[in-house]
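Input: a single structure, listed below in structure tokens.
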């Protein structure tokens, strides 16, 4: 009979294989993002920390637990109405004015901080997944383009061989073979890179690095028109990171309030019951059990301790304020840098796709025709092939960089620049 742990492992394996199959048949950016959101343990840990702290709000706003005590007289205390044998006491402490509400406010601000941290962790995860996905797609396109160049050079080598048999020089054949060797070496390096790149994406998806993945189906692209000042102005409403830091400042303010309230005493109300036996002599109220109401309070008289508590809370609040202010400044600089990279990638995409690559292809065809008719040296044809290869790889690099920088901008601002308008499909 299988033990519970074995059944659990078997169940988890079945679930993993089922989820893995969905990626094996449909590896798009959206499917990868959804898979990562459902399976990444770091994100799940952040979610559970958030929910755990939300539950703690009820704990902090509740009264302290009542206290019950029992006392047994090893030697009975003789009184006029009889010997006292047992003592029972029930008491409830009531925090001083404002303490309970301050503790609730601290717990609420902390829960909101964890909630914002969870949302930021989701953005961070999306960035890691998008970066790995884009790099894997760039690798695929690099392999495809290199294979196309190998096939092209192979065709040109056949032309050079045919011309050599007709009495032309051997040089073009050798040049073609050298170029083929260079491209085949480049293709081998690219092919060997697939497993490490695949492992990077698997790691972001919380899958074993050796589990196979198909090539990504596509790389979404959409130009972005963004205003830096408008983005920065809206950060207080959109950035989970800044929201978390703001709640830390808020939490610090509530801690200062609580520290000041700690100078006020807590009150304890109680009731005490003493079980009394019958008196040896007949007296009035013989055996009557007394019931005593009690009231107590703590005395926060250590003024140095109170001052230090308030000073500590103020220092923590000030530190949180400086941290928030510093992050606003660095976030502004980070956003400017990413916007530059996005504009640069957009410019390169337009340049290579609409201008340089079409011209390089046209030049390649013209040079090929000239070579086949004997009007051009083969080395010039090789140069035009290398230029076309460089331009096509540069276009794919710019497309991958653009997607990565969109994910980075989402991570910095809290806005969705990956899946809006169907871009993540």
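The values are calculated or read from the model by the stated rules, or taken from the named source; none is laboratory data. Because the structure is a prediction, the values reported are computed rather than measured. Note: ideal-geometry Cβ built from the backbone for every residue, glycine included; neighbour counts use all protein chains shown.
See the values below:
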| quantity | calculated |
| --- | --- |
| Residues satisfying the stated conditions in region 218-234, i.e. closer than 30 Å to residue 353 by Cβ, touching a residue at least 12 places away in the same chain (Cβ under 8 Å) and not in a loop (DSSP other than H, G, I, E, B) | 228, 231 |
| Residue match in region 393-404 (condition: touching a helix residue (DSSP H, G or I) at 6+ places or on another chain (Cβ under 7 Å) and closer than 26 Å to residue 172 by Cα) | yes |
| Within region 59-102, tally of residues that are under 49 Å from the mean Cα position of the chain (by Cα) and over 23 Å from residue 298 (Cβ atoms) | 0 |
| Residue count, region 185-202 (criterion: under 14 Å from residue 36 (Cβ atoms) and free of Cβ contacts under 8 Å to residues at least 24 places away in the same chain) | 1 |
| Odd one out for residue 356 among (1) buried (at least 20 other Cβ atoms within 10 Å of the Cβ); (2) modelled with pLDDT of 95 or more; (3) over 37 Å from the mean Cα position of the chain (by Cα) | (1) |
| Every residue from region 369-392 that is touching a helix residue (DSSP H, G or I) at 6+ places or on another chain (Cβ under 6 Å) and surrounded by 17 or more Cβ atoms within 10 Å (Cβ to Cβ) | 371, 378, 381, 382, 384, 388, 389, 391, 392 |
| Boolean, residue 237 is exposed (fewer than 15 other Cβ atoms within 10 Å of the Cβ), at pLDDT 90 or above and in a helix (DSSP H, G or I) | yes |
| Residues within region 79-100 that are more than 30 Å from residue 256 (Cβ to Cβ) and assigned to a loop (DSSP other than H, G, I, E, B), tallied | 2 |
| Lone unmet requirement of (1) buried (at least 17 other Cβ atoms within 10 Å of the Cβ); (2) farther than 27 Å from residue 397 by Cα for residue 174 | (1) |
| Test: residue in region 281-303 that is farther than 30 Å from residue 72 by Cα and touching a residue at least 40 places away in the same chain (Cβ under 8 Å) | no |
| Residue that is nearest to residue 271 (Cα to Cα) [pool: residues in region 66-78 that are surrounded by fewer than 11 Cβ atoms within 10 Å (Cβ to Cβ) and at pLDDT below 90] | 72 |
| Conditions (1) touching a strand residue (DSSP E or B) at 6+ places or on another chain (Cβ under 9 Å); (2) closer than 30 Å to residue 247 by Cβ: number failed by residue 92 | (2) |
| Every residue from region 57-78 that is touching a strand residue (DSSP E or B) at 6+ places or on another chain (Cβ under 7 Å) and either under 14 Å from residue 274 (Cα atoms) or assigned to a strand (DSSP E or B) (or both) | 67, 68, 69, 70, 71, 72, 73, 76, 77 |
| Qualifying residue in region 141-164 (condition: in contact (Cβ under 8 Å) with a residue 40 or more places away in the chain and closer than 22 Å to residue 418 by Cβ) | yes |
